[in-house]
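Everything on this sheet refers to the single structure shown next.
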Amino acid sequence: MPFFSVVIPLYNKASWIGATLDSVLGQSFQDFELLVINNGSTDGSEQVVESYQDNRIRLFHQENGGVSRARNAGILEAKAHFIAFLDADDLWAPAFLEQLHQLIQQYPEATAYGCQYAFRQKYTDIPPHQPLLSGEKMQLIDNYFDQVAAGDMLLTASSVCIPKKWFTKVGLFPEGERIGEDQDMWARLALAGPLAFHGSCAAYYRQEVGGMATAARPEAQLWPFVERLLHKLRSGRIPQNLEPSVRRYAVRQLLGQASQLVLDGQQKAAGVLLAIPEARSGGKRFLYWKFVNQLPAFLLFFIKKRHG
């Protein structure tokens, strides 16, 4: 049995998957299997995978059904107790799995393990904004929601490892959702227990590639993972010590979606989100987008330019 199962969902990334596979095969920690779930690619991506002669690579094929379906297929096929995820156009530094292994040895009680990542752009790498994160190299994070309510995500789908046993307790990735299926998983794990985090950057989210979430217009309906969190808050299903930070995080996501809708010209849909009672706890940010959403089109044009 390998120590890690590495799961890569693959859909039309023929130009990128080779570098991604190389970054896995070049790990300093070599006790792993590599599962590539070809999610109905039409550009020959699977042929790139087939060209690799390494018996640790297992290639599976399925009809296109979204990234969560591919990840879930990998989870079910995984042999190892610890499952690491990597998108088909992202990269790992050689020490990534070694750092995860260190975290697992140090914090066996954690529900998930993550390493620091960076946004890789064409000419530079940009670190995420995480103002509350401790500078310690390895740490156990008891309140994940405090961190993500104040800054960028601690975990991404290319910088995380989850013990397989936790999927039987919190469930698999939600399928059929275009936005936030990964954030839904991190939230469920964080509600179940602490997360372990390694502060050394070892994963790279390649923003120059682009993807579905960046190419499509913003959703008009409230993102399902936010709606589920709000429902848990309203029904008293959030632990009392986490309730304030979960609320801040959910409201931040709600207002973030509303702002995208405003800038996209979907004022009516934005107004529906801004009318959700919890939105008012967003303070100045709520008031700002409430005001901007009522501006005439010519003034909104200049606001949109300001926000890029």
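The values are calculated or read from the model by the stated rules, or taken from the named source; none is laboratory data. In this text the structure is predicted, and so the values were computed from the model without any measurement. Every residue, glycine as well, gets a Cβ built from its backbone with ideal geometry; the counts of neighbours run over all protein chains shown.
Figures for the structure shown
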read-out	value
Residues being small (Gly, Ala, Ser) and closer than 19 Å to Ala203 by Cα - total across the stretch 131-157	4
Members of the stretch 33-56 that are within 17 Å of Ala84 (Cβ to Cβ) and surrounded by fewer than 19 Cβ atoms within 10 Å (Cβ to Cβ)	Asp54, Arg56
Residue in the stretch 142-163 that is over 22 Å from Leu233 (Cβ atoms), loosely packed, with under 15 Cβ neighbours inside 10 Å, in contact (Cβ under 8 Å) with a residue 60 or more places away in the chain and of a type outside the set (Ser, Thr, Tyr) present	no
One residue from Arg234, Arg252 being exposed (fewer than 14 other Cβ atoms within 10 Å of the Cβ) and either at pLDDT 95 or above or among the hydroxyl-bearing types (Ser, Thr, Tyr) (or both)	Arg234
Those helices (runs of 4 or more DSSP H) lying entirely in the stretch 162-254 with at least 1 residues over 15 Å from the mean Cα position of the chain (by Cα), assigned by TED's automatic domain parsing to the domain that holds Ala80 and more than 20 Å from Tyr11 (Cβ to Cβ)	164-170, 181-192
Per-region count, the stretch 112-130, residues closer than 11 Å to Leu154 by Cα and either free of Cβ contacts under 8 Å to residues at least 40 places away in the same chain or among the aromatic types (Phe, Trp, Tyr) (or both)	5
Sole exception among (1) assigned to a helix (DSSP H, G or I); (2) over 16 Å from Ala19 (Cβ atoms) for Leu35, by number	(1)
Qualifying residue in the stretch 72-80 (condition: among the aliphatic types (A, V, I, L, M) and not in a helix (DSSP H, G or I))	yes
Set Asp87, Asp54, Asp43: member being in contact (Cβ under 8 Å) with a residue 40 or more places away in the chain, more than 16 Å from Pro163 (Cα to Cα), in the same structural domain as Ser159 (by TED's automatic domain parsing) and in a loop (DSSP other than H, G, I, E, B)	Asp87
Subset of the stretch 131-148 [assigned to a helix (DSSP H, G or I) and under 23 Å from Arg120 (Cα atoms)]	Gln147, Val148
Meets criteria (surrounded by fewer than 20 Cβ atoms within 10 Å (Cβ to Cβ) and in contact (Cβ under 8 Å) with a residue 40 or more places away in the chain) for Glu109	yes
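Listed here are the residues, each with its yes/no results for (1) modelled with pLDDT of 95 or more; (2) outside the structural domain of Phe197 (by TED's automatic domain parsing); (3) polar (S, T, N, Q); (4) in contact with a helix residue (DSSP H, G or I) (Cβ under 7 Å, 6 or more places away or on another chain).
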site: Asn12; (1), (2), (3), (4): yes, no, yes, yes
site: Gly18; (1), (2), (3), (4): yes, no, no, yes
site: Phe29; (1), (2), (3), (4): yes, no, no, yes
site: Val49; (1), (2), (3), (4): yes, no, no, yes
site: Asn64; (1), (2), (3), (4): no, no, yes, no
site: Lys79; (1), (2), (3), (4): yes, no, no, no
site: Pro94; (1), (2), (3), (4): yes, no, no, no
site: Gln99; (1), (2), (3), (4): yes, no, yes, no
